Amino acid sequence: MPVKKNQLGKVEKSFLLPLTEIKKIIKNFHGEMEKGLANKKSSLRMIPAYVAKPTGEERGKYIALDLGGTNFRVLELELKGKGRMSPPEEKKFILEKKYTIGEGRDLFDFIAKCVKDFISTRKIAQGEKREIGFTFSFPVKQTGIASGILVNWTKDFSARGVEGRDVIKMLGDALKRSGIGHIKVSALVNDTVGTLVARAYQDSNCDVGLIIGTGTNACYEESITKIKKWQGAKKTGEKMIVNIEWGNFNRLPLNRFDKLLDDNSLNPGRQTLEKMVSGMYLGEIVRLVLRDCGLCGFSIAHSFKSEYISRIEADNSSDLRDVKAFFRGCGLGSLGLDERKMIKTICRLVTLRAARISAAALAAVVTKIDPALSKKHTVAIDGSVYEKHPGFSSHMHQALKEIFKSKVNRLKLVLAKDGSGKGAAIIASLA
Ligand code: GLC
């Protein structure tokens with residue numbers, strides 16, 4: 001089918017995010033943050049995490065559980081103080097769909113079985129205790145360091161009978177059913193919080209944790225006096241980490257592809273920013289645009305994976321040879337060079353917008369902490385999109401430069417691999 005060039009021009013326009021728009025996003029993001037902190041209606045939940053940054057002197061052996069992505073992981077590591085830790089020993093368990101979308105009880109029984117399996121392989125002396133940190137990467141209304149209620153599932157999880165319930169209690173009951181009821185989970189952690197804490201263990205400038213992977217979200221360190229909805233004691237100078245749940249931010253300019261994706265999603269009207277940024281959705285946006293331009297045959301929803309975008313964008317050959325091989329390999333015949341170029345352009349537009357939205361939201365978070373950027377901030381980032389998507393981190397950096405000009409040097413964005421697991425162990429030590 002011939003490519004409709006003028007159509008592509010229109011599409012292009014609908015994905016641009018100039019600095020003026022970015023500034024609006026920052027302003028609206030601040031407004032939503034304030035409302036969320038005051039318990040007013042807001043698309044940002046701003047959930048107090050019941051934990052502050054570590055000192056780096058925490059010590060001991062801990063176990064961490066990590067649920068929220070494609071695999072379930074159990075890991076053990078030793079904190080050695082002075083910001084040092086042993087490399088984690090971990091075991092991955094494939095999380096089948098029958099658990100993520102089936103009965104909640106089965107999901108927790110599966111987790112308990114994995115924990116039992118892992119523990120049986122460790123040399124834990126009789127009487128020796130191991131605190132466990134549980135990274136549960138969903139919006140949880142925490143009621144304490146080791147308790148919290150799942151507000152709603154996000155990403156592609158929908159297990160029944162979990163929303164509205166305390167996930168630590170559900171896990172505890174499952175551990176009992178598996179015959180390891182003596183194992184106690186002492187901390188419930190969001191992956192962003194784990195990421196921040198893991199980096200802060202060795203870098204005291206770190207005050208933002210960010211995930212841009214299957215889902216996207218951020219947390220930051222806030223002064224307790226500014227968390228208006230915080231019911232506990234409020235000592236001046238005291239700080240607490242706040243899980244923003246930024247994936248649900250909704251004051252963003254949507255185009256018709258975003259609307260289509262949302263209408264056909266599991267959770268219409270929710271997770272608006274996540275649907276424009278994270279790996280779970282980027283491929284689908286590209287697919288919708290390609291289909292609209294009559295460019296390819298991926299007719300089934302979500303059949304165009306975000307990894308394909310990475311592969312297409314990574315092809316820097318003048319004749320886009322690998323793009324050709326890729327489409328041929330998918331059984332879609334041979335595409336002309338013009339068509340291949342357009343496909344790459346579309347991928348780039350979608351990636352670029354995702355990176356610019358992430359930069360805008362990050363800029364809002366950093367200026368909430370420090371409006372004039374008067375000191376240095378380390379932002380710990382994990383997630384497949386940030387780590388693996390060609391150009392994503394440099395697009396993000398470019399947008400931050402437009403926003404902050406020379407002050408951008410006060411921001412250090414670091415890849416914090418596997419922070420969520422390490423952080424959960426550290427938080428277990430604090431609990
Ligand atoms: C989703 C979850 C959030 C998590 C993020 C990254 O947005 O709601 O809690 O941090 O994915 O995994």
Residue in region 303-313 that is open to solvent by 10 Å² or more (accessible area, probe 1.4 Å), touching an Asp or Glu at 6+ places or on another chain (Cβ under 7 Å) and touching a residue at least 24 places away in the same chain (Cβ under 8 Å) present: no
Which numbered condition VAL189 misses (of (1) within 16 Å of the ligand (Cβ to nearest atom); (2) over 23 Å from GLY36 (Cβ atoms); (3) out of contact with any Asp or Glu (no Cβ under 7 Å at 6 or more places or on another chain)): (2)
Where SER14 falls short, out of the listed (1) within 21 Å of ALA218 (Cβ to Cβ); (2) outside any loop (DSSP other than H, G, I, E, B); (3) hydroxyl-bearing (Ser, Thr, Tyr): (1)
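In region 216-267, what count of residues is obtained for those that are open to solvent by 80 Å² or more (accessible area, probe 1.4 Å) and more than 16 Å from the ligand (Cβ to nearest atom)?
Let us first name the residues in region 216-267 that are open to solvent by 80 Å² or more (accessible area, probe 1.4 Å), namely 226, 228, 231, 234-236, 239, 251, 256, 259, 263-264, 266.
Those left that are additionally more than 16 Å from the ligand (Cβ to nearest atom): 226, 228, 231, 234-236, 239, 251, 256, 259, 263-264.
Result for region 216-267: 12.
I'm trying to understand the selection: among the residues of region 51-81, which are open to solvent by 80 Å² or more (accessible area, probe 1.4 Å) and either in contact with a helix residue (DSSP H, G or I) (Cβ under 6 Å, 6 or more places away or on another chain) or within 22 Å of MET240 (Cα to Cα) (or both)?
Kept after step one, since they are open to solvent by 80 Å² or more (accessible area, probe 1.4 Å), are these residues of region 51-81: 55, 57, 59, 61, 70, 80.
Those that are open to solvent by 80 Å² or more (accessible area, probe 1.4 Å) and either in contact with a helix residue (DSSP H, G or I) (Cβ under 6 Å, 6 or more places away or on another chain) or within 22 Å of MET240 (Cα to Cα) (or both): THR55, GLU57, ARG59.
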Unique residue being touching a Gly at 6+ places or on another chain (Cβ under 7 Å), crowded, with 20+ Cβ neighbours inside 10 Å and closer than 21 Å to LYS422 by Cα when the list is VAL115, VAL140: VAL140
Cβ-Cβ under 6 Å pairs, at least 6 apart or on other chains, region 14-30 side farther than 16 Å from VAL277 by Cα, far side modelled with pLDDT of 95 or more and open to solvent by 40 Å² or more (accessible area, probe 1.4 Å): LEU19/GLU402; ASN28/ARG251
Enumeration of residues in region 282-302 that are assigned to a helix (DSSP H, G or I), in contact (Cβ under 8 Å) with a residue 24 or more places away in the chain and within 28 Å of the chain's Cα centre (by Cα): LEU282, GLY283, ILE285, VAL286, LEU288, VAL289, LEU290
Residue match in region 163-176 (condition: without any contact (Cβ under 8 Å) to a residue 60 or more places away in the chain, farther than 25 Å from SER42 by Cα and buried (at least 21 other Cβ atoms within 10 Å of the Cβ)): yes
Residue check, ASP207 crowded, with 24+ Cβ neighbours inside 10 Å and either away from the ligand (no atom under 15 Å from the Cβ) or β-branched (Val, Ile, Thr) (or both): yes
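The values are calculated or read from the model by the stated rules, or taken from the named source; none is laboratory data. Remember, predicted model here, so these are calculated numbers, not experimental data. Neighbour counts are summed over all protein chains in view; Cβ atoms, including those assigned to glycine, are modelled from backbone coordinates with ideal geometry. Ligands, DNA and RNA are stripped out before the accessible areas are found, and what is left, the full protein with its side chains, is counted by its heavy atoms. Shrake-Rupley method; radii C 1.70, N 1.55, O 1.52, S 1.80 Å.
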